[in-house]
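Down below is the structure, laid out as structure tokens.
Derivation of every value follows stated rules applied to the coordinates shown; laboratory data play no part. Computed from a predicted structure; not experimentally measured. FYI the Cβ positions are ideal-geometry reconstructions off the backbone, even for glycines, and counts take in every protein chain you see.
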Amino acid sequence: MNWNFYLSFLIAMFSIINPVGIVPMWSELTGDMNRKARRRTALLLVLTAISILLVFLAAGKPLLNFFSIDLPVFRIAGGILLLRAGFAMVSGSFGKRIHHEEKDEDIRTIAVNRYREILVPMAIPRLAGPGTIATVILFSSEAFIIDYFVLAGVIVLVMALLFFTFAESNWIENRVDRLVFAVLTKLFGVILAAIAFQFVVEGVGEVFPRWANHGQA
């Protein structure tokens, strides 16, 4: 078994998903919810991201080819979605567009409604976006049959850590001043926008040379 290969994948996935760095974004989108509803929402988001990444692990390139989508184009589209999320975090418009829970709503209803509202950009493309999907496809292209099971385990492990972070976010928020979270939200909004713009630039850089070469052919 290629442990260096697995470790590289673990580090890459952990760095891109960044369970600690995503807390301000999560807090901005779910800070008004009670703990049980937040946990259920977190579970829905994590399960969605795991499902998407496992699909791309098993059939990433064939799936994109089936829809005639190049990975650079996918990177541009995901980058634009992330860019909008970054701008929203900086401007503080995330919380304004959220439907706040009603007292007579049960936990499941609250969680499902919030899940629908923050599926984009939280699960897609923040968790299962161009960065994570490109990483999964890249590593899967170099994997043997047994490697797929280990890589799938790594995806589940990273997402489990993310779920634990989300589930215990109340503990973190109770020990950190709201002003700090407000500053961190805007700071990570800028960082997220920069990452998103990088995705767009990289995608455009790969797409236009292909178009140019195609036109010359």
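General observations
- Footprinting exposure proxy for LEU47, LEU179, LEU71 (fewest neighbouring C-beta atoms within 10 Å first): LEU179, LEU47, LEU71
- Added length on full extension, which subtracts the Cα-Cα distance from 0.36 nm per residue, GLU206 to SER91: 38.3 nm
- Just checking the listed ones, GLU173, GLU105, GLU117: in the Gaussian network model of the chain with Cα springs under 10 Å, the one fluctuating most is GLU105.
- Additional length obtainable on full extension of the chain from ALA59 to GLN198, 0.36 nm per residue less Cα span: 47.5 nm
- Proxy reagent accessibility, fewest Cβ within 10 Å first, across SER15, SER169: SER15, SER169
- Taking a point 7 Å from the Cα of ARG35 along the Cα-to-Cβ direction, the residues of the range 144-177 with backbone N closer than 17 Å to it are 163-176.
- Prolate/oblate/rounded call for the chain, Cα gyration tensor, a/c under 1.5 rounded: prolate
- Farthest towards the positive end of the charge dipole of the chain, among the residues VAL204, VAL112, PRO130, is the Cα of VAL112, using unit charges on the Cβ of Lys, Arg, Asp and Glu.
- Residues THR41, THR165 in ascending order of nearby Cβ atoms (within 10 Å, fewest first): THR165, THR41.
- Ratio Rg/Rh [Cα only; Rh per Kirkwood] for the range 112-217: 1.08
- The dipole here belongs to the chain: it is taken about the Cα centre, uses +1 on the Cβ of Lys and Arg and -1 on the Cβ of Asp and Glu, and is about 300 debye.
- Candidates ILE16, LEU179, SER51 compared by Cα position along the dipole of the chain: farthest toward the positive end lies LEU179, with charges placed on Cβ.
- Spin-label model, ASP177 to LEU161: label points 7 Å out along the Cα-to-beta-carbon direction sit 3.0 nm apart.
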